[in-house]
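Taken together, the values in this text are just the output of simple stated rules run on the coordinates, not laboratory data. Nothing here was measured: the structure is a model prediction, and the numbers come from that model. Using ideal geometry, Cβ is built from the backbone for each residue, glycine included, and neighbour counts are taken over all protein chains shown.
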Amino acid sequence: MSVATLTEMVDEIRDGMTVGIGGWGSRRKPMALVRALLRAGRRDLTVVTYGGPDVGLLTASGCARRIVTGFVSLDSIPLEPHFAHARQNGNVALTEYDEGMLYWGLLAAANRLPFLPIRAGLGSDVMRVNPQLRTVRSPYGDDLLVAMPALDLDVAMIHLNLADDGGNGRYLGPDPYFDDLFCQAAKRRFLTCERIVPTTELVGAGPPQTLLTNRSMIDAVAETPHGAHFTSCVPDYGRDEEFQREYATTDWDTFRARYLDGDESDYQKAIRR
């Protein structure tokens, strides 16, 4: 485990990899790392996530080949516009699961299982739009279940409020989402955080259950203040609704030139104007 820069993290991500991104919709996304990935010009990525603007940026920029998700939303704006545009123009493939099925796929990968049985999806169009899915019969009865395949990841990217330089990390908001499972399902795990603090400060910053990651789950950590912007990172900051509206209503080339063509420090300066 090591403290790293965003560039060093992105250098380990290759074209064609499967990348899991933590957070939920427009909440606590590792956006600084997503922006770095976009600037590096990676291509043909499969992105596994409960999607928000991370998906929008990676589809609009041509980085993503396929999105594996339960939804893609900006929360207060129901439909992610750049993702919608990419889908309408056939620029990105979609594997859409029930939200619980996505969780189960991560859980299977985290436990090194080929699949886990689940009831979700039965009797729905999930089975029709995912013809590769199979069903199994319970060996303890006659129940028919969906065999949800493991979502094995090459890389996981998450953002937390606090971490130490060993990769132990804590969230301070109301929800862990599934960030720990993304890390456990991946071969390489990158954590960005608002602040890197001494371990003693990290341990004393909240109850034990909010210590979400430990050093065995993380390969590199980077301090990225305001690094989840424009998603929320409660209690440090909420979602930037004004900026999100600008993102959703501005054509991609204009938005990219205004906010993304420089490095992360340029982005942070631009949003403070």
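When the residues of the range 15-52 are narrowed to those that are among the hydroxyl-bearing types (S, T, Y) and surrounded by 22 or more Cβ atoms within 10 Å (Cβ to Cβ), which ends up nearest to D261 (Cα to Cα)? The qualifying residue nearest to D261 (Cα to Cα) is S26. The sole residue among F230, F243 that is crowded, with 17+ Cβ neighbours inside 10 Å and not aliphatic (A, V, I, L, M) is F230. Within the range 114-149, being under 30 Å from R215 (Cβ atoms) and surrounded by 12 or more Cβ atoms within 10 Å (Cβ to Cβ) holds for F115, L116, M148, P149.
Within the range 1-36, if we keep just the residues that are free of Cβ contacts under 8 Å to residues at least 60 places away in the same chain and not in a loop (DSSP other than H, G, I, E, B), the residue that is farthest from D75 (Cα to Cα) turns out to be D11. For the range 208-225, filtering for residues that are over 24 Å from L260 (Cα atoms) and part of a loop (DSSP other than H, G, I, E, B) leaves 3. Taken over the range 39-51, the criterion of being more than 15 Å from V92 (Cα to Cα) and not hydroxyl-bearing (S, T, Y) is satisfied by R39, A40, G41.
Checked against (1) in a helix (DSSP H, G or I); (2) in contact with a strand residue (DSSP E or B) (Cβ under 6 Å, 6 or more places away or on another chain), T46 passes all but a single condition, namely (1). If you check A205, A228 for being farther than 22 Å from V55 by Cβ, part of a loop (DSSP other than H, G, I, E, B) and among the hydrophobic types (A, V, I, L, M, F, W, C), only one passes: A205.
Taking the range 150-180 as the range and being crowded, with 20+ Cβ neighbours inside 10 Å, assigned to a strand (DSSP E or B) and not hydrophobic (A, V, I, L, M, F, W, C) as the test, the residues that pass are H159, N161, G169, R170.
Do we have Y171 as under 16 Å from the mean Cα position of the chain (by Cα), on the phi > 0 side of the Ramachandran plot and aromatic (F, W, Y) here? When the stated conditions are applied, Y171 does not pass them. Among the residues of the range 183-200, at least one is in a loop (DSSP other than H, G, I, E, B) and under 22 Å from V47 (Cα atoms).
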